[in-house]
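Since every read-out is calculated from the coordinates, none of them should be taken as a lab result. Just so we're clear, the structure is a prediction, and the values are computed from it rather than from any experiment. Here the Cβ positions follow ideal geometry from the backbone for every residue, glycine too, while neighbour counts run over all protein chains shown.
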Amino acid sequence: MPTLKTAGRILLVLALIFWLYQRIESEEETGPVMDEEAEPTGRTGLDIGDTAPEMEFETPGGVTISLSSLRGSMVLIDFWASWCGACRRGNPFKVSAWKQFREKEFRGGSGFEIFSVSLDNTKEAWLKAIEDDKLEWETHVSDLKGWKSEPAAIYQVRKIPASFLINGDGIIIAKNLSGEHISEALSRYMTRP
């Protein structure tokens, strides 16, 4: 019969195995997802092939901007926050992609825009991060409600960074792009001369 000490060790090992399994499973969920041949589903949703749900929120300057106002362009919907280390480390990749692809032609879109959705609580921190990270595009929005943000609820964002790449018709063609994966995905959708 196992002693209490042995039973405790067994429980510890089982807990560790469960924890590792959860980490591996969550990492698989957040990796890049793309389907170059995805057909439009005809429905609004969050899956590849779905039409991205509409969003309309204020910019730092108080101007209301909608996601649909960017129709015709490839758009990266980027959920982030000034306090998110992983988001901030990923911002140079977004800046690089935006500069490289903003005037390119794509299958299903002309030009590339980033629709940045901040989950910040304070305008000051949000604006400082935009300036510090040199996020030069104009489509920054936030309702400054942090995790209670309406855009995060619409897109079922549970952790950040999170992203959705949509084509010029507003169809989701990739999800969870970060780092070099952003430029790689955009390169795949470029029209060739």
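Structure summary
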item	result
Among (i) 200; (ii) 155; (iii) 114, the entry derived from the coordinates for volume of the Cα convex hull per residue in Å³	(ii)
FRET efficiency for K99 and V63, using Cβ-Cβ distance with R0 set to 25 Å, rounded to 0.05	0.60
The range 99-193: radius of gyration over Cα atoms, expressed as a fraction of 2.2 N^0.38 Å	1.16
The chain: relative contact order as a whole-number percent, Cα under 8 Å and 6+ apart	28
Given charges at beta-carbon only (K, R positive; D, E negative), |dipole| of the chain in Debye	740
Helix runs (DSSP H) in the chain reaching 30 Å along axis by Cα, Kyte-Doolittle at least -0.5	4-30
Candidate lysines for bridging to K104, where Cα separation is under 17 Å - those fewer than 8 sequence places away on the same chain excluded	K94
J(HN,Hα) series, the range 61-74, from Karplus relation 6.51 cos²θ - 1.76 cosθ + 1.60, nearest Hz, glycine and proline x	x, x, 8, 7, 10, 10, 4, 5, 5, 9, 3, x, 10, 6
